[in-house]
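Accompanying notes for the structure given below.
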Amino acid sequence: MSGGDDAAENPVGGPAPARIDQSDLAALFGRVRWRTAVGGASLVVAALLVVVALVAPQWLFKGEANAGLVPLFDGFVGVAIVLVGLSTVAGVGYGLWNGGPVLAYAMPTLPWLIGGATAGGSALTVDAALALSGGAAAATASTYSVHRVAGRLTSVTEAGLALATGGTVVAAVALWRVRAVAGGYASTGLQVATALLAVTMVTLVLQVVFTLDDVGDQQS
């Protein structure tokens, strides 16, 4: 079924489009509509979990009237943190499953941005390095998926490469700045972000090489 969905959404052959049209705009978020809906719903859930985890303590636990609920809420916050942390895995998985570089990139990064906005600012922390590295990895994975299914260079592939490249540069700068100020407590998170970004860079370079090779084939 998934192969049929991919084939229906991405016919192979024909010249590369000169610009992004309406169907290409939709493909920036995903190849198949129901898969895109699943990815969008998971992103909304992750964002809501972040907002609840940050906002609820400000009004729910004023005074000691609801002190007995603190352990329950701590457990909820722990689950929320784990789920948001898994958004990187979800972003990469979604990108490989349904393409959509924009939505794939947003899955790891948007919850962090919303959390920062809710808290009053998005500081460069280990969370930022992980989120941005995850976004770059997700965009790269989705671009690979788009190119693999289409079998040729498309405007969505070009947009995905641009997003993945820009995201990788931003993640590298953020990681460099975080490493300069973070303490020893952040070493594990920084190691994960560094490894993820290194794999992303290698994959992105290979993707660019393959894309340039396809451009040469199309022009010949």
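Only one of T203, T211 is assigned to a helix (DSSP H, G or I), out of contact with any Pro (no Cβ under 7 Å at 6 or more places or on another chain) and at pLDDT below 90; which? Only one candidate qualifies: T211. Residues that are modelled with pLDDT under 80 and closer than 20 Å to A139 by Cα number at least 2 in the following helices (runs of 4 or more DSSP H) confined to region 1-109: 2-9, 22-27, 70-85.
The values are calculated or read from the model by the stated rules, or taken from the named source; none is laboratory data. Because the structure is predicted, anything quoted here is derived from the model rather than measured. All Cβ positions, glycine included, derive from the backbone under ideal geometry; neighbour counts span all protein chains shown.
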